[in-house]
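Asks: Take a look at the following structure, please.
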Amino acid sequence: MDKILILDFGSQVTQLIARRVREAGVYCEIQPYNRTDAQVRDYNPKGIILSGGPCSTLDEGSPRAPGAVFELGVPVLAICYGQQTTCMQLGGKVEGGHAREFGKAVIEIKRPSALFDGVWNKDSKPQVWMSHGDRVTALPAGFDVAATSEGAPFAIASDEKRKIYTTMFHPEVVHTLDGAKLLGNFVHKICGCGNDWSMKHFRASEIERIRAQVGKGKVICGLSGGLDSAVAAVLIHEAIGDQLTCIFVDTGLMREGEGRQVVDLFRQHYNIPLVAVDAGKKFLDALAGVSDPEQKRKTIGKLFIEVFDAEATKIRDVTHLAQGTLYPDVIESVSFTGGPSVTIKSHHNVGGLPERMKLKLVEPLRELFKDEVRVLGRELGLPAAFVGRHPFPGPGLAIRVLGDITEEKLAILRKADTVYLDEIRKAGLYDEIWQAFAVLLPVRTVGVMGDGRSYDYVLGLRAVTSVDGMTAEAYPFEHAFLARAATRLINEVRGINRVTYDVTSKPPGTIEWE
């Protein structure tokens, strides 16, 4: 299979490069910029992409690309910081102190290039997205200018003979119009990659990999009730059958009816061996008096491991642990300098299993983005309603009840969330929205309901659109919808007397919506 190597210099949108390459039907991986020459060669890429980054090439000790990048003879695409370090490493010059360029810009095409062949011509005035302070002021030997902008005299510069292409702008972001087509040109026309990255191919190859990894061993998989762990479990079961046992810990913090749905799906639809534990009271007792959201996470994670461990020890001869780790989890848990992050994101790691278990990890989804997991779920035959369900954080309703947690508050929020999502479905909007949910705020207000006064909670509503959950925009509900939803919520959910809608958006680089 053809592969593209993406070397990450720390840009907050590096993952979008991978998304665009995958969308073009080509497999790729993101690795830290400081890979050794041997590691770059061993990967055997058909092409290499250098990302942007927050550093200045003018600073002492700033990141540089491995020498093998320019010695292998494979095509290279260098973006923003990648352009600057490429030019410096090959004999060009970068300077600071010029006018910075952030946001939308228009470039002027100066000559043809294989990078934008069939996309732009000399009459084009493409809109692109810039994000730079320093800029290239002298090109290396063999390079010449293909496009300029007001703030970047070398908006596109390339050595067509050596197939080294550089852009000062970011083709991976949607604000660069036709940017995905440029990346498509690079991987297909310039690198010569085929369209051999598909979910059908991934499914078959991953099944073989799981069989080879596990052998005759036994695997346990902790189900959270969410899509990721469910897809991982179904894929592993397809590979090794009853060598897999799933353990579902019902924390009592899930949405209405979801615990039963998980049990029914695995026991009746797939006939996968499943241990189901109702631990709701344990979790509620452990969370009593806990208000800080991070402490809630840690409390839930610690107790989850304890309950999971107690059940896992009852299963004999277990050799492997399956997890629904996704590609963004892998990347976000490693700093761009290549070493482990100081703190692994708490929603990616619930505390770690006891060392005495000494289990080997099986992570069949670690190469996939969230929306790709949904495609795989459909490929595996999971019910459409389950695959299309909005994402739900591991700590569940615990972090959507702001402040301390009680059974009463959970009941209010669970009912409110059900009513809110029901209205969204009735309006035909559920599949347009990436994630929608209610939040019980730690605020009570005085109100008048009918002939009496009330003193009840304020409910917050949130809904966002996204492709992969890495960036998001607030969903623009019409006022009539919000009015209908608020009326139903006030009438049907005892304990709230105010409803508010959150229009916050999620910029690149933040972690998750909750």
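The values are calculated or read from the model by the stated rules, or taken from the named source; none is laboratory data. These figures come from a predicted structure and were not determined experimentally. Neighbour counts run over all protein chains shown; Cβ positions are idealised from the backbone, glycine included. In case anyone asks, the SASA skips ligands and DNA or RNA and just uses the protein heavy atoms, side chains included. Shrake-Rupley method; radii C 1.70, N 1.55, O 1.52, S 1.80 Å.
Asks: Please give, to one decimal in nm, the separation of the simple spin-label points placed at V277 and L402, each 7 Å out from Cα toward the Cβ.
Replies: 3.3 nm
Asks: Something else: Quick check on the stretch 167-266: take the gyration tensor over C-alpha atoms, sort the square-rooted eigenvalues as a ≥ b ≥ c, and tell me if it's rounded (a/c under 1.5), prolate or oblate.
Replies: Judged from the Cα gyration tensor, the stretch 167-266 comes out oblate (a/c at least 1.5, b/c at or above a/b).
Asks: With every protein chain left in place, what is the accessible area per residue of the chain in square angstrom, probe 1.4 Å?
Replies: Dividing the accessible area of the chain by its residue count gives 44 Å².
Asks: What's the angle, to the nearest 10 degrees (0 to 90), between helix 14-23's Cα axis and the longest principal axis of the chain?
Replies: The answer is roughly 90 degrees.
Asks: Starting from the Cα of K298, draw a straight line to each of the lysines and keep only those under 21 Å, dropping any in the same chain fewer than 8 residues away.
Replies: K281, K282, K345, K409
Asks: Amide H to amide H under 5 Å from F248: which residues, 5+ apart in sequence or cross-chain, H placed 1.01 Å off N in plane?
Replies: L223, V275, A276, V277
Asks: Positive end of the charge dipole of the chain (Lys, Arg +1 and Asp, Glu -1 on Cβ, about the Cα centre): tell me which of T299, T166, F143 has its Cα farthest that way.
Replies: T299
Asks: Express the relative contact order of the stretch 47-159 as a whole percentage, based on alpha carbon pairs under 8 Å and six or more residues apart in sequence.
Replies: The normalised contact order for the stretch 47-159 reaches 25 percent.
Asks: Hey, any idea what % of the chain's accessible area is carbon plus sulfur with a 1.4 Å probe? Could you put the intermediate results ahead of the total?
Replies: Numbers: 11240 of 22420 Å².
C and S atoms contribute 50 percent here.
Asks: Check V94: other-chain or 5+ apart residues with amide H under 5 Å from its amide H, H built from backbone geometry?
Replies: T137
Asks: When the dipole is taken about the Cα centre of the stretch 227-266, and only Lys, Arg (+1) and Asp, Glu (-1) are charged at their Cβ, what size is it in debye, to the nearest 20?
Replies: Details: 2 positive and 7 negative charges, 10 e Å.
Rounded to the nearest 20 debye, it is 40 debye.
Asks: Restricting to the chain, what percent of DSSP beta bridges are antiparallel, rounded to 5?
Replies: Taking every DSSP beta bridge within the chain, about 45 percent pair in antiparallel fashion.
Asks: Restricting to bridges with both residues inside the stretch 115-259, how much of the DSSP beta-bridge set is antiparallel, in percent to the nearest 5?
Replies: 60 percent
Asks: Related question: Order of 314-324, 174-184 by packing, highest average Cβ count within 10 Å first?
Replies: Per-residue Cβ counts within 10 Å, averaged per peptide and sorted highest first, yield 174-184, 314-324.
Asks: Excluding same-chain residues fewer than 8 positions from K216, which aspartates and glutamates have a Cα within less than 18 Å of its Cα?
Replies: Partners found: E206, E208, E238, D242, D317, E363.
Asks: Now a separate question. Which net charge results when you count Lys and Arg as +1 and Asp and Glu as -1 among the other residues whose beta-carbon is under 14 Å from that of I272? Present the calculation step by step, with values, prior to reporting the outcome.
Replies: Numbers: positive: K218, R267; negative: E238, D242, D264.
Around I272, the surrounding residues sum to -1.
Asks: Continuing with the same structure: Just to verify a number: FRET efficiency for T418 and M1, C-beta to C-beta distance, R0 = 56 Å, to 0.05?
Replies: That gives a FRET efficiency of 0.80.
Asks: I've got another one for you. Residue by residue through the stretch 60-76, what is 3J(HN,Hα) from phi via Karplus (6.51 cos²θ - 1.76 cosθ + 1.60, θ = phi - 60°)? Round to whole Hz and write x for glycine and proline.
Replies: Karplus-based 3J(HN,Hα) across the stretch 60-76 equals 4, x, 5, x, 10, 7, x, x, 4, 4, 9, 9, 5, x, 8, x, 10 Hz.
Asks: A further question follows. How large is the dipole of the chain about the Cα centre if only Lys and Arg carry +1 and Asp and Glu carry -1, each at its Cβ, rounded to the nearest 20 debye?
Replies: That gives a dipole near 400 debye.
Asks: Taking H placed 1.01 Å from N in the peptide plane, check which residues at least 5 places from L368 or on another chain put their amide H under 5 Å from its amide H.
Replies: For L368, whose amide H was placed from the backbone, the distant partners under 5 Å are Y327.
Asks: Still on this structure, please answer the following. Hey, could you get me the Stokes-Einstein D for the chain, Kirkwood radius over alpha-carbon pairs, 37 °C and 0.692 mPa s, rounded to whole µm² s⁻¹?
Replies: 130 µm²/s
Asks: Considering only DSSP beta bridges where both residues belong to the stretch 1-82, give the percentage that are antiparallel (nearest 5). The partial results should precede the final answer.
Replies: On the way: 0 of 13 bridges.
If I count the DSSP bridges inside the stretch 1-82, around 0 percent turn out antiparallel.
Asks: While we're looking at this one, here's another question. Using a cut-off of 11 Å between beta-carbons, work out the net charge of the residues near V249 (Lys and Arg +1, Asp and Glu -1, V249 not included).
Replies: -4
Asks: Compute the helix-to-body angle for 199-214: its Cα long axis versus the longest principal axis of the chain, expressed 0 to 90° and rounded to tens.
Replies: Here the helix axis deviates by roughly 70 degrees.
Asks: Continuing with this model, one more query. Hey, rough spin-label estimate for L177 and A204, points 7 angstrom out along Cα→Cβ, what's it come to in nanometres?
Replies: Between L177 and A204, the simple spin-label model gives 4.1 nm.
Asks: Still on this structure: Based on the mean of other beta carbon atoms within 10 Å per residue, what is the order of 247-253, 284-290, most packed first?
Replies: Ranked by mean Cβ neighbours within 10 Å, highest first: 247-253, 284-290.
Asks: Which aspartates and glutamates, if any, have their Cα less than 15 Å from the Cα of K181, not counting same-chain residues under 8 positions apart?
Replies: Counting by Cα, and skipping residues close in sequence, K181 has these aspartates and glutamates nearby: E23, D117, E172.
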